[in-house]
Every structure is written in structure tokens, then in C-alpha cells.
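Structure record follows, encoded as C-alpha cells.
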Amino acid sequence: AFAACQHFLAAHRVDDTQDLLETRGQELIQAGHAEALAPLIEDILRAHRDPRIRLLRAHALFAQGLWAEAAEAYEKAAEKADPLTAAEALLGQGKSEHHRESRLALGMLIEARNRLESLGALRLLVEAQYWIGGVHQSAGRLTEAREALEKGRAVAFDVGDRHGEGVCAYGIGKILSLAGDFTGAVEQMFDALRLLERAGSRLDIAKVCAGLGGNLLEVRR
């Protein structure tokens with residue numbers, strides 16, 4: 001897919017490149033091509049200011065850990081966008097602001113969650129719940145964090161989203177670990193590992209393995 005994008009652009013077939021990136025762009029970013037995709041995305045944006053491509057640019061910046069640039073890009077992607085794209089952009093902006101330790105993050109994530117719920121975008125709603133849980137966890141509000149993650153996991157189960165279910169289980173495991181329940185944390189993280197292996201989410205599998213290893217040390221296993 002990445003090579004096809006390059007060939008299309010070399011042949012000045014911008015529309016074909018855009019169509020391919022809209023369908024495969026997120027997958028390419030998750031596969032580690034965020035930095036390499038950047039110039040292709042910029043080439044498309046010079047020809048078309050399409051909100052979905054602007055959103056993809058923000059996702060690529062986020063994947064590279066460029067939080068300030070990603071927050072700005074998400075804000076721009078929401079301008080003149082359809083409701084779903086705008087809601088997804090607000091979610092991304094909230095995630096970026098959380099990494100920047102901004103007090104704006106929670107309000108953005110809750111607003112994004114509410115919009116996504118009204119639009120029926122349940123998989124994105126699960127992602128919003130995961131990040132809301134993360135904000136509460138960072139602030140030491142473990143009860144609120146677990147409630148957010150439990151809700152996200154329940155929705156993910158209902159829609160068959162194994163990745164969302166797995167990351168929420170991982171988040172619950174982190175909450176239990178912080179509360180000193182290392183046995184419970186191990187159970188949750190093994191559950192998360194099983195779900196994420198089914199989903200094929202390699203990066204998240206690595207995160208869970210790191211957390212699981214620490215908790216297994218605590219229970220001397």
C-alpha cells in the first residue's frame with residue numbers, strides 16, 4: 001500500500017493516492033510508517049484540503065510523539081469537517097493534550113465521547129473511554145478511572161472490538177496494580193494479552209508484556 005501511494009503520486013494521480021490513504025492510512029501508521037507517510041500526506045494537502053487527510057496528518061504526528069504539533073493539526077482537521085471527522089479530531093486533540101499534561105484534556109475527551117456516542121461511532125467511543133480513564137488515573141482518581149475503563153470494555157465487548165476490549169483490560173490492570181492488587185492486575189493483563197493477540201495488535205502486546213512482567217515480579221512468579 002505504501003509503495004502504491006508513492007507510485008500514484010509519481011504519476012500525479014493525487015485522487016488515487018488520497019483514496020488509498022483514506023482506506024489504509026491508519027493501518028500504515030500503526031505499522032510504523034508515520035514518518036515516511038508525512039511527505040506523501042503533505043503532497044496531497046497541497047492539492048486538496050480534505051478534512052480526512054488533514055486528520056490523517058494529525059494521526060501521523062501523534063504517532064511520532066509530536067504532541068504540540070499533533071494538537072494543532074487535530075484542531076485544524078476539525079474545521080469545516082463532517083460531524084464524525086470533527087469528533088474524531090477532538091478525540092485526537094484531547095489525547096495530545098493529555099500527553100502535554102494539559103487541564104484541557106479531560107473536557108475535550110468527554111465532549112468527544114459524547115459526540116461519538118450520539119453518532120453511533122462505538123469503536124471510537126471505546127478509545128475515548130480508555131483515554132478518559134488515563135486522565136483520571138494520572139490525577140490519582142482510581143475509582144473514576146476504573147469506571148471509565150469498565151464502560152469502555154463493556155462497549156467493546158458488545159461490538160466485538162477485541163483491540164478496544166484488550167486495551168481497556170490493560171488499563172484496568174494498571175489501576176489494580178496502583179491499588180496494590182497485583183494478583184488482580186496479573187489476571188487482567190493476561191486477559192488483555194489474550195485479547196490483543198487475537199486482534200494482532202503488536203505494539204499494544206508489547207506494552208502489556210512490560211506491565212505484566214512488573215506485576216509478576218510483585219507476586220514472585
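The values are calculated or read from the model by the stated rules, or taken from the named source; none is laboratory data. Not measured: the values here are computed from a predicted model. Glycine gets a Cβ as well: all are built from the backbone with ideal geometry, and neighbour counts include every protein chain shown. Keep in mind that these areas ignore ligands, DNA and RNA; they rest on the heavy atoms of the full protein, side chains included. Shrake-Rupley method; radii C 1.70, N 1.55, O 1.52, S 1.80 Å.
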ALA210 paired with THR183, simple spin-label distance in nm, labels 7 Å along Cα-to-beta-carbon: 2.8 nm
Label-point gap, in nm, between ALA10 and ALA31 - each point 7 angstrom along Cα→Cβ: 1.8 nm
222 nm mean residue ellipticity, helices alone, for the chain (DSSP H n ≥ 4; -39,500 (n - 2.57); rounded to 500): -27000 deg cm²/dmol
Sulfur and carbon atoms: percent of accessible area, the chain [1.4 Å]: 50 percent
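Can you compute the FRET efficiency between GLU218 and GLU147 using 1/(1 + (r/R0)^6), with r the Cβ-Cβ distance and R0 = 22 Å? Round to the nearest 0.05.
Values: r = 24 Å, r/R0 = 1.10.
For R0 = 22 Å, the calculated efficiency reads 0.35.
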Tail fraction, Cα-Cα pairs, the chain, threshold 27 Å, whole percent: 36 percent
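Per residue, how large is the accessible surface of the chain? Use a 1.4 angstrom probe and give square angstrom.
Details: 11340 Å² over 221 residues.
For the chain, the solvent-accessible area averages 51 Å² per residue.
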Set of aspartates and glutamates near LYS76 by C-alpha distance (under 13 Å), chain-local residues within fewer than 8 positions excluded: ASP50, GLU88
Those lysines that a straight Cα-Cα span of less than 22 Å connects to LYS80, excepting residues fewer than 8 apart in one chain: LYS95
